[in-house]
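The values are calculated or read from the model by the stated rules, or taken from the named source; none is laboratory data. Note that the structure is a prediction, hence the values are computed from the model and not measured. Cβ sites come from the backbone with ideal geometry, for glycine too, and all protein chains shown count toward neighbours. The protein model used for the area step is the full one, side chains on, heavy atoms only, and it has no ligands, DNA or RNA in it. Shrake-Rupley method; radii C 1.70, N 1.55, O 1.52, S 1.80 Å.
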Amino acid sequence: MSSVLKTLPALTVRNLLSTPEVARALHFFETNAEGITDEQIRICSIPASPFNEHERAVYLSKRFSELGLSEVEVDEEGNCLGLLEGSSRSPLMVVSAHLDTVFSKETDFTIVRRENRLLAPGIADDGCGLAALIALAQVIRTEQIPIEGSILFVGTVGEEGEGNLRGVRYLLTKGRWATKVNSFLSFDGPGVDRITNRALGSRRYRVELVGPGGHSWGDFGVPNPVHAIGRAISRLAVYPAPKEPRTTFNVGRIEGGTSVNAIPGRATMEVDLRSAAESELRRLDAFFRRTVREAVDEENVKRRAGDPELRLKLDLIGERPTGETPSDSPLVELAIEATRMLGFEPRLDQSSTDSNLPISLGIPAITLGAGGTSGYSHTLDEWYDPRDRDKGLKRGLLVILGMTGMK
Ligand SMILES: [Zn+2]
C-alpha cells in the first residue's frame, strides 16, 4: 500500500481496514479495554505538576523500552521519547500526549473508581492521551504492523499554563529530532469527533509595579501601585474585543499591599490575552501594553513632589502561536475520513494544544481526542469514563498508519 500522499484519504482508510493486521489491531482495543484502563490508572497515580513531570516521564520511558521501542530517552527538557522504527526513518511522525497537569505539587493524585468513572486530577487531561500512546505502540508491535515510515512517541512536558509548550518547543526546535519531523499528532483529552487543526494563540503577561510605599494618611500622594493597576484593569475591561475572530482577555490574578492603612510598595497582575487571529491578538497585545504604561504614567504624574516614581516591569510569561493545518491537507483529510468511517461526524475546531508549535513551524499537526468521555477538566473533580475509548484509539491508529504508510 502506498502512502497517503499518493492516494485519496478515503481510499487509504478503506485499504487499511481491509488488511488483517489492522483488523486485529482494532479488535485489540476492544478486548484489552481493561488493560488500557489499568495502564491509565498507573500513569495518572504518578504526580505530575507543572515543572515536575520527571517521575511520570521516567515511568513512561520504562514502558516504551518494555514495548520494544528504540532510542528511548528523557531529553534535556524532560520529554520522554521512544522510536518505533518502520522500514525507513522518514516520513517521521510524532505521536504525543502531555505529561503535565495543571495541579500543584501538594495535589492528591489518587484515583477513585465510581461505577464507570475514574476520578482524579488529570485523569482525562491528559491521562487518556498518555494511555493512548502506550496502547498504540503496543498494538503496532504486537500485531507486527509493517509500517513504512517511523513513529516517534513522545510524552511532552509543559503543555499547560506557564509550561508555555516548553516540551514540544524543545523537541521541534532544539532536540536531536528537530529537523526530522514530517507530521505531528497529539492526543489531548477524550472524544472521537473533534479534530483540532487550528491553533488558538495567546500571550500572557506578568505586570509588576514597585514604588516607595508609605502611610495611607501621612504619605498620601506617594504613587500607589494598586491604584495604577486598577486604572489599567478598568481600561482593559472595556476593550472592544471582536466576537469574530473570537478574541478574549482575562486578568487572572492580582496581588499587592500589606495593610488597609499602608500605601502598597508593590503590586502585580497576571493577564491572559487570546485570539483566533494573529492580527487581532497583536492589536489587543499592543493595546494592553500601551494601557499599562499610560496607567503608570498617570499615577506618576500626580505624585507628590520629590517622591520616586513607580517602576514598571512587564514580563511576557507565555506565548503560543496561532495558525492552522489546512483542512485539505492529507493529515486533516485522513482524520476526517477515519472519523466518518467509525460512524461519527468530524468536527474541526480551534484550541490551544501542543500542536500550536508544529503548526507555527509549518509542520502539519492536529490534536485528537483519545476516546471516552470526561468532565470537570482542570478541576479536582475531573473524571473520565473509558467506555468507547476503543473508537478514539481506532481513529488514531488509522490516521497514524495512513501517514506512515504500510508495506
Ligand atoms: Zn491537555
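Could you tell me whether segment 62-103 comes out rounded, prolate or oblate from its Cα gyration tensor? Rule is a ≥ b ≥ c as square roots of the eigenvalues, rounded for a/c under 1.5, then prolate if a/b exceeds b/c, otherwise oblate. Don't jump to the answer; show the numbers that get you there.
Details: a/c = 2.24, a/b = 1.68, b/c = 1.33.
It comes out prolate by the Cα gyration axes.
What FRET efficiency do you get for residue 14 and residue 235 if R0 is 56 Å and r is their Cβ-Cβ distance, rounded to the nearest 0.05? Let's see the in-between values first.
On the way: r = 57 Å, r/R0 = 1.01.
With R0 = 56 Å, the Cβ-Cβ based efficiency is 0.50.
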Using alpha-carbon positions, what is the distance between the centroids of segment 274-333 and segment 82-122, in Å? 32 Å
Which whole-number percentage describes the relative contact order of segment 70-205, with Cα contacts under 8 Å and a sequence gap of 6 or more? 38 percent
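When the helices in the chain are scored as -39500 (n - 2.57) per DSSP H run of 4 or longer and the sum is shared across all residues, what 222 nm value do you end up with, to the nearest 500 deg cm²/dmol?
Values: 11 runs with 139 residues, N = 407.
One gets -10500 deg cm²/dmol as the mean residue ellipticity at 222 nm.
In the neighborhood of residue 21, defined by Cβ-to-Cβ distances under 12 Å, what is the net charge if each Lys or Arg adds +1 and each Asp or Glu adds -1?
On the way: positive: 24, 141, 407; negative: 143.
Charge balance near residue 21 sits at +2.
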Pop out the carbon and sulfur fraction of the accessible area of the chain as a percent, whole number, probe 1.4 Å. 50 percent
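For a test of the definition: using alpha carbon positions, the gyration tensor, and the 1.5 limit on a/c, classify segment 65-214 as rounded, prolate or oblate.
In terms of gyration-tensor shape, oblate.
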Would you look at the GNM of the chain, springs on alpha carbons closer than 10 Å, and say which of 187, 220, 153 moves the most? 220
Can you tell me which aspartates and glutamates have their Cα less than 12 Å from the Cα of residue 105? Leave out same-chain residues fewer than eight positions away. 53
Using a probe radius of 1.4 Å on heavy atoms only, what accessible surface per residue do you get for segment 244-283? Whole Å² is fine. 59 Å²
What FRET efficiency would be calculated for the residue pair residue 314, residue 41, taking the C-beta separation as r and a Förster radius of 41 Å, to the nearest 0.05? 0.40
Which of the lysines could a cross-linker span from residue 313 if the Cα-Cα distance has to be under 27 Å and same-chain partners fewer than 8 positions apart are dropped? 302
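Restricting everything to alpha-carbon atoms, can you work out Rg to Rh for the chain with a Kirkwood hydrodynamic radius?
On the way: Rg = 24.2 Å, Rh = 22.7 Å.
In the chain, Rg relative to Rh is 1.06.
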Under a 5 Å amide H to amide H cut-off, with H placed in plane at 1.01 Å, what residues pair with residue 186 once short-range neighbours are removed? 96, 366, 367, 368
When the Cα centres of segment 138-167 and segment 198-240 are compared, how far apart do they sit, in Å? 42 Å
Solvent-accessible heavy-atom area per residue, rounded to whole Å², over segment 118-168 at 1.4 Å: 17 Å²
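Hey, what's the Kirkwood Rh for segment 1-158 if you take every pair of different alpha carbons, in angstrom? Before the final figure, lay out each step's value.
On the way: mean 1/r = 0.0600 Å⁻¹.
Hydrodynamic radius (Kirkwood, Cα only) of segment 1-158 equals 16.7 Å.
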Taking springs between alpha-carbon atoms closer than 10 angstrom, which of 391, 62, 302 fluctuates most in the Gaussian network model of the chain? 302
Residue 85-residue 376 FRET efficiency (beta carbon distance; Förster radius 41 Å; 0.05 resolution): 0.55
Applying the span-like rule to the chain (DSSP H, Cα extent along axis at least 15 Å, Kyte-Doolittle mean at least -1.0) gives 20-31, 33-44, 127-142, 225-236, 278-301, 330-341, 389-404
Among 87, 202, 96, whose mean-square fluctuation peaks in a Gaussian network model of the chain (Cα, cutoff 10 Å)? 87
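Near residue 367, within a Cβ-to-Cβ distance under 15 Å, what is the net charge of the other residues, with Lys and Arg +1 and Asp and Glu -1?
Working: positive: 194, 198, 320, 347, 395; negative: 125, 126, 159, 160, 188, 193, 324, 349, 354.
Local net charge: -4.
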Could you give the spread of the C-alpha atoms of segment 141-195 along their three principal axes, from largest to smallest, in whole angstroms? 39, 32, 19
